[in-house]
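First comes the structure, then the notes that go with it.
The values are calculated or read from the model by the stated rules, or taken from the named source; none is laboratory data. This structure is a prediction, so every number in the text was calculated from the model and none was measured. Because the Cβ atoms are built from the backbone with ideal geometry, glycine has one as well, and the counts that use them run over all protein chains shown. Heads up: the accessible areas ignore ligands, DNA and RNA and are worked out on the full protein's heavy atoms, side chains in. Shrake-Rupley method; radii C 1.70, N 1.55, O 1.52, S 1.80 Å.
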Amino acid sequence: MDTISVEQFIQGIPKVELHLHIEGTFEPELMFEIAKRNNKKIEYTSVEELKKAYSFNNLQEFLDIYYAGANVLIKEQDFYDLTWAYLKKVHEQNVVHVEIFFDPQTHTDRGVNFDTVIKGIHRALVDGKKQLGISYKLIMSFLRHLDEASAFETLQHALPYKDWISAVGLDSSELGNPPSKFKRVFTKAREEGFLTVAHAGEEGPSEYIWEALDLLKVTRIDHGNRCLDDPKLVTKLADMQMPLTVCPLSNLELKVVPDLKDHPIPTMMDKNILVTVNSDDPAYFGGYMNENYLGIANALNLSKQQITTLVKNSFKASWLSDQEKEKRITQVETYFQNN
Ligand code: ADE
Ligand code: ZN
């Protein structure tokens, strides 16, 4: 029997995205288009020149460019167009469910209303469900380089939109901004009924992962690469089946790993950690979901069985209902058996 290539296998398998910053999907072409209609200046003269600037030695170098890019987003329609472009893109890649971040403070600090941001994103998500069949959850992420008071203010803005927001998260500059800095606002968010997640152990030490678990009571760790420095933590994550939302191309581009051949995903799988594959900021890191899967599949010689396990992990780690999870996991297993 003819079998399909690994590339075709990855393309066809129904996938989930659990770690994606909507501001990180801002493709240069759309950025220039929106800048023009909003009369906003971009520091670079062309799409090509902007793309040349996408070379990073660490997280902070990336964040500086990422926040600058978001400056041209002003109107509700801008946030709609950004989100809609992402959904159309991942629909082509057979992504069927997304749980995405937005960073309200990136916009409210520039004078854009919280309502403008969330209404645009939410309207696109609703259209994506209707027109593309992509189910979704939305995660509001606090910027950790800002203070906790600003996070509290942001949480206040979110309260009228509880039905649209499933969880709060924590992102931006990790080193020097430990999860403990946000303990109180995460406690309040949980009291208000939000789930919690946090970026931890991307550049920061394994202690930050412990803090995210113990103080922020997260249901997933975003990245989590540095857990491998601490055998006790590895055992804990495996025992809890605490999901890690790992981002291979992001790790490569931000020098978290020197080469995809050194990526820790196989080690994490060997240690029975519930590891998942995600794209983080695909417009900046050279690939959406399929490119992330294919990158590690090629570099690490992953089998179709291993790819299937990673996809199943994502469904397990999602916030879909148990019934929906079961249906999707059966679908993925059938796909594996037939291909
Ligand atoms: N914001 C967008 N992408 C991020 C990342 N990889 N780490 C921390 N904050 C981010
Ligand atoms: Zn991220």
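Structure notes:
- The range 137-160 and the range 28-98 have Cα centres lying 22 Å from one another.
- By the Stokes-Einstein formula, at 0.692 mPa s and 37 °C, the range 55-193 with its Kirkwood radius over alpha-carbon pairs has D equal to 207 µm²/s.
- Shown here for the range 1-88: trypsin sites (Lys or Arg not before Pro) in loop regions (DSSP other than H, G, I, E, B) with at most 12 other Cβ atoms within 10 Å, namely Lys41.
- Heavy-atom accessible surface of the range 258-339: percent carbon and sulfur, 1.4 Å: 42
- Probe 1.4 Å, accessible area per residue of the chain, Å²: 41
- Tyr67 - accessible surface, heavy atoms, 1.4 Å probe, Å² rounded to 10: 50
- FRET E, pair Phe152, Ser5, Förster distance 51 Å, beta-carbon r, rounded to 0.05: 0.50
- Spin-label pair Leu300-Val126: with each label point 7 Å from Cα along the Cα-Cβ axis, the two points sit 4.0 nm from one another.
- Asp322 accessible area, 1.4 Å probe, all protein chains in place, Å² to nearest 10: 120
- Cross-link pairs exceeding 24 Å between alpha carbons, from the set Lys15/Lys217; Lys271/Lys327; Lys88/Lys130; Lys15/Lys51; Lys36/Lys75; Lys51/Lys137: Lys15/Lys217; Lys271/Lys327; Lys15/Lys51; Lys51/Lys137.
- The accessible-area ordering, largest first, of the residues Arg226, Arg184 stands as Arg184, Arg226, per a 1.4 angstrom probe.
- Structure-based [θ]222 nm, the chain - -39500 (n - 2.57) summed over DSSP H runs of at least 4, per residue, nearest 500: -14500 deg cm²/dmol
- Spin-label model, Gln241 to Arg190: label points 7 Å out along the Cα-to-beta-carbon direction sit 2.1 nm apart.
- Pair Lys51, Asn39: separation of 7 Å Cα→Cβ label points (nm): 3.1
- Cα centroid separation, the range 241-294 to the range 166-238: 18 Å.
- Gaussian network model of the chain, springs between alpha carbon atoms under 10 Å - residue of Gly176, Gly24, Gly295 with greatest fluctuation: Gly176
- Overall form of the chain per C-alpha gyration tensor (a/c, 1.5; a/b vs b/c): rounded
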